[in-house]
Amino acid sequence: MVNRNLIEHKYIVIHHSGVLNSENDLKGEKQWKAICKNYQKNWSKKYPWVTAPYHYGIGKKGDIFNGQDKNSFCIHAGDDFYNYRSIAVCFIGNFEVEEMNDNQLLSGVNLVKDLMKKYDISIEEILKHKDLIITQCPGKNFPWEKFTNRILDIP
């Protein structure tokens, strides 16, 4: 039987959903529900406790959606070492082709800062999905420098 618990909260892995934000779903709630439903459909037989591919989702307006229980692993990193040791944060949108707005960025910064404080995670342990495997996630337009500078309170 697979252990469903995280071994430790050592890293935070940043993702994007890879799907364009929709004008009909500005909060991103419908997209988040669809992501979770699809994940459950694909993984629930093997992992009956799964609810989402990420621990948190962040919508375009900055809404934060809870996903997989933060003490349970997610199949998100493409590498079980990180699946069992990281918190997965997904920014809803496709940042290969679109830009992130300030509401979404600020909400993500605040969430990650809170998680870093709670679990004693350093800035060096905040990783892009593409740092772990060959992927474009979280996208070439993800404002990584701005994101990490705001986490560190650098203007």
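It is to be established whether one or more residues within the range 50-66 are within 20 Å of HIS129 (Cβ to Cβ) and basic (Lys, Arg).
yes
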If you scan the range 32-64, which residues turn out to be surrounded by fewer than 21 Cβ atoms within 10 Å (Cβ to Cβ) and closer than 18 Å to ILE14 by Cβ? GLY62, ASP63, ILE64
Any residue in the range 139-155 that's free of Cβ contacts under 8 Å to residues at least 60 places away in the same chain and over 16 Å from HIS16 (Cβ atoms): show its pairings with residues that are polar (S, T, N, Q) and assigned to a helix (DSSP H, G or I) at Cβ separation under 8 Å, as long as the two are six or more apart or on different chains. PRO155/ASN149
Test result for VAL13, assigned to a helix (DSSP H, G or I), in contact with a helix residue (DSSP H, G or I) (Cβ under 8 Å, 6 or more places away or on another chain), crowded, with 22+ Cβ neighbours inside 10 Å and at pLDDT 95 or above: no
Part of a loop (DSSP other than H, G, I, E, B), farther than 20 Å from GLY139 by Cα and small (Gly, Ala, Ser), is that true of ALA34? no
For the range 38-52, pairs from a residue that is charged (D, E, K, R) to a residue that is part of a loop (DSSP other than H, G, I, E, B), with Cβ under 8 Å and 6 or more apart or across chains, are LYS46/VAL2
What are the residues in the range 48-95 that are of a type outside the set (Phe, Trp, Tyr), farther than 13 Å from ASN5 by Cα, touching a His at 6+ places or on another chain (Cβ under 8 Å) and part of a loop (DSSP other than H, G, I, E, B), if any? PRO53, GLY67, HIS76, ALA77, GLY78, ILE92, GLY93, ASN94
Filtering the range 68-93 down to residues that are more than 14 Å from the chain's Cα centre (by Cα) and free of Cβ contacts under 8 Å to residues at least 60 places away in the same chain yields ASP79, ASP80, PHE81
Cβ-Cβ under 9 Å pairs, at least 6 apart or on other chains, the range 94-120 side at negative phi, far side part of a helix (DSSP H, G or I) and small (Gly, Ala, Ser): MET100/GLY108
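Report yes if ASN21 is surrounded by fewer than 18 Cβ atoms within 10 Å (Cβ to Cβ) and at pLDDT below 90, otherwise no. If you could, list the steps in order and put the result at the bottom.
Working: surrounded by fewer than 18 Cβ atoms within 10 Å (Cβ to Cβ): no; at pLDDT below 90: yes.
Here the answer is no, as ASN21 does not meet what is asked.
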For the range 37-47, which positions are part of a loop (DSSP other than H, G, I, E, B) and aromatic (Phe, Trp, Tyr)? TYR47
Can you tell which of ILE151, ILE121 is in contact with a His (Cβ under 8 Å, 6 or more places away or on another chain) and surrounded by 15 or more Cβ atoms within 10 Å (Cβ to Cβ)? ILE121
Here is a check on your reading of the model: is GLY28 surrounded by fewer than 22 Cβ atoms within 10 Å (Cβ to Cβ), touching a residue at least 12 places away in the same chain (Cβ under 8 Å) and either under 20 Å from GLY139 (Cβ atoms) or over 11 Å from the mean Cα position of the chain (by Cα) (or both)? no
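The values are calculated or read from the model by the stated rules, or taken from the named source; none is laboratory data. Because the structure is predicted, anything quoted here is derived from the model rather than measured. Positions of Cβ are backbone-derived with ideal geometry, glycine not excepted, and every protein chain shown enters the neighbour counts.
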